[in-house]
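Every number in this text was worked out from the coordinates using simple rules, so none of it is lab data. Since the structure is predicted, the reported quantities are computational estimates derived from the model, not experimental observations. Backbone-built Cβ (ideal geometry, glycine too); neighbour counts: all protein chains shown.
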Amino acid sequence: MKFDRQKSNVWYKMDLSAVVYPTLQRRDFSSVYRLSVVLKDKINPELLQKAVDITMERFPTYKVAIRKGVFWRYLEPNSRPGPFVQPDIKNPCMPMPFKSNNRYPVRFYYHEKRIAFEAHHSLGDGTGGMFLLQTLVAVYLRLLGNQVGTGGFVLDVNQKPDPEELEDAYIKYARANVCPKRGGERAYRVCGTKEPFYTLNIIDGVMSVSQIKNVAAKHQVTITEYLNAVLLYALMQKQENDKPYKLRPVKIAMPVNLRQFFPSKTLRNFITMVYPSIDPRLGEYSFDEIVSHVHYFMKYYINEKFLRGDITTNYATRKNPVLRVVPLFIKDIVVRKYYSMIQDRNSSAGLTNMGKIHVNDDMKPYIERFDIYMGQPFSSRTNCAVSSFNDTLTVNFASSIKETDVEMLFFRKLVKDGIHVKIESNR
């Protein structure tokens with residue numbers, strides 16, 4: 001599907017989540033995430049560029065430029081040359097000025113056997129990005145002469161996009177009869193030494209899915225619940241070691257993929273946040289107690305009714321008639337202030353788990369593993385992303401501080417529980 005910016009009046013409203021991300025943009029921070037895949041053979045850059053050119057035409061909400069209106073930002077089809085593949089860099093998820101890179105809010109990198117895709121969160125979440133990445137890999141493998149079909153995360157590049165792929169699914173499902181209030185006490189924050197601009201410290205833990213699954217099963221919880229418990233445990237230990245004047249709750253910001261609960265094909269953002277937490281002021285918690293607490297938290301909050309209420313609250317804010325007519329520059333000031341003073345202080349770390357990444361059988365033989373990075377946190381803390389492919393599970397930490405206490409405590413706990421972990425880093 002081709003668009004000529006000079007001839008087409010097509011443009012896209014930003015979805016309910018996307019409107020916040022450009023507002024938070026600053027010189028040393030962009031809401032950029034990275035998905036990468038490691039193949040079994042070295043990358044051919046020329047063929048990869050051809051694959052990018054073909055694939056981007058199939059994803060019109062990614063082949064865009066971010067534009068400013070009087071009241072809102074919007075996505076405008078981009079017909080400029082690009083985006084162009086380039087050799088990978090040491091510090092991924094670099095800030096993404098909206099006027100750079102021929103205005104494309106996406107990047108493509110290669111290194112040895114790895115293909116990496118970075119996108120500004122305004123365009124979509126990790127699920128939408130995974131559709132683009134796997135479709136790109138399929139096109140690339142076909143250009144090499146391999147037989148790779150469609151299905152799953154691989155879309156047919158010869159078909160026009162399904163209208164549902166382009167929709168703002170939040171609006172479709174924000175239909176609760178009440179807007180639940182949000183509260184939340186300020187969470188414990190990791191204090192660290194900020195790295196020079198723009199340094200992103202990456203620490204990867206590579207382990208066996210079957211091993212971690214067995215350990216989680218002993219606690220009668222899922223892998224996601226177990227890993228959340230391990231991260232809470234590490235953060236609690238870190239707070240104890242800091243010997244703070246005042247203890248605070250330890251909270252994790254965890255995105256939930258709403259497609260699991262509401263039938264949507266959207267390739268844009270369709271997530272909401274939940275906050276598993278432990279309050280050490282109530283007393284000492286054993287690891288078993290933390291695991292149990294996380295398990296029942298997930299059961300209570302991660303269901304269709306609570307999630308529908310949450311997105312209804314978000315949508316009610318956007319529908320506010322006063323807010324709609326407030327100029328964009330005033331909205332930006334208010335949102336930045338709210339996010340930095342309230343929302344960002346509501347969690348101690350971030351953890352996203354894409355779970356098992358499904359790959360079509362005819363593409364599996366060419367792939368070694370996947371990696372996901374949430375990019376630089378808004379403030380001094382660490383973010384964690386988890387994914388698995390075949391029997392390989394990777395935990396990818398990203399932070400902009402020198403200290404690695406949380407990561408060390410996290411992996412130490414896994415090893416103590418009998419999980420063999422291979423550590424990799426860009427340091």
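Structure summary
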{"quantity": "Estimated inter-spin distance, H111 and K40, nm [label 7 Å along Cα→Cβ]", "calculated": "2.3 nm"}
{"quantity": "Extension reserve of the E185-V10 stretch, reckoned as 0.36 nm per residue once the Cα distance is removed", "calculated": "58.7 nm"}
{"quantity": "Relative contact order (percent, whole number), the stretch 12-156, Cα cutoff 8 Å, 6+ residue spacing", "calculated": "32 percent"}
{"quantity": "Backbone HN-Hα couplings from phi across the stretch 342-349 [Karplus 6.51/-1.76/1.60, Hz, Gly and Pro as x]", "calculated": "10, 4, 5, 8, 8, 8, 9, 6"}
{"quantity": "Taking V106, V206, V322 and counting other C-beta atoms within 10 Å, the order from fewest to most", "calculated": "V322, V206, V106"}
{"quantity": "Over 25 Å [Cα-Cα, the stretch 12-156], rounded percent", "calculated": "25 percent"}
{"quantity": "Note, ³J(HN,Hα) from phi for the stretch 96-105, Karplus 6.51, -1.76, 1.60, rounded to Hz, x at Gly and Pro", "calculated": "10, x, 6, 9, 8, 6, 6, 6, 7, x"}
{"quantity": "3J(HN,Hα) from dihedral phi, the stretch 355-368, Karplus parametrisation 6.51/-1.76/1.60, rounded to Hz, x for glycine, proline", "calculated": "x, 6, 8, 7, 10, 4, 4, 6, 9, 3, x, 9, 10, 9"}
{"quantity": "Cβ-Cβ FRET estimate between K265 and Y338, R0 fixed at 30 Å, reported to 0.05", "calculated": "0.40"}
{"quantity": "Identified option (computed mean projected area of the Cα convex hull in nm²; candidates (i) 23.9; (ii) 20.4; (iii) 28.3)", "calculated": "(ii)"}
{"quantity": "Charge sum, other residues only, whose C-beta stays under 14 Å from L144's C-beta, Lys/Arg counted +1 and Asp/Glu -1", "calculated": "+2"}
{"quantity": "Spin-label model distance (nm) - I171 vs K422, 7 Å beyond Cα toward Cβ", "calculated": "4.7 nm"}
{"quantity": "222 nm mean residue ellipticity, helices alone, for the chain (DSSP H n ≥ 4; -39,500 (n - 2.57); rounded to 500)", "calculated": "-9000 deg cm²/dmol"}
{"quantity": "The chain, relative contact order [Cα under 8 Å, separation at least 6], %", "calculated": "24 percent"}
{"quantity": "Difference of contour (0.36 nm per residue) and Cα-Cα distance, V70 to V415", "calculated": "118.8 nm"}
{"quantity": "Calculated FRET efficiency for the pair S380/K299, C-beta based, R₀ 35 Å, to 0.05", "calculated": "0.60"}
{"quantity": "Selected from N78, N257, N320 as most flexible by GNM, with the chain as the system and alpha-carbon contacts under 10 Å", "calculated": "N320"}
{"quantity": "Taking the stretch 177-295 and dividing mean pair separation by its residue count, relative contact order in percent (alpha carbons under 8 Å, at least six apart)", "calculated": "29 percent"}
{"quantity": "Within the stretch 94-136, backbone nitrogen closer than 15 Å to the virtual label 7 Å beyond the Cα of E57 toward Cβ", "calculated": "136"}
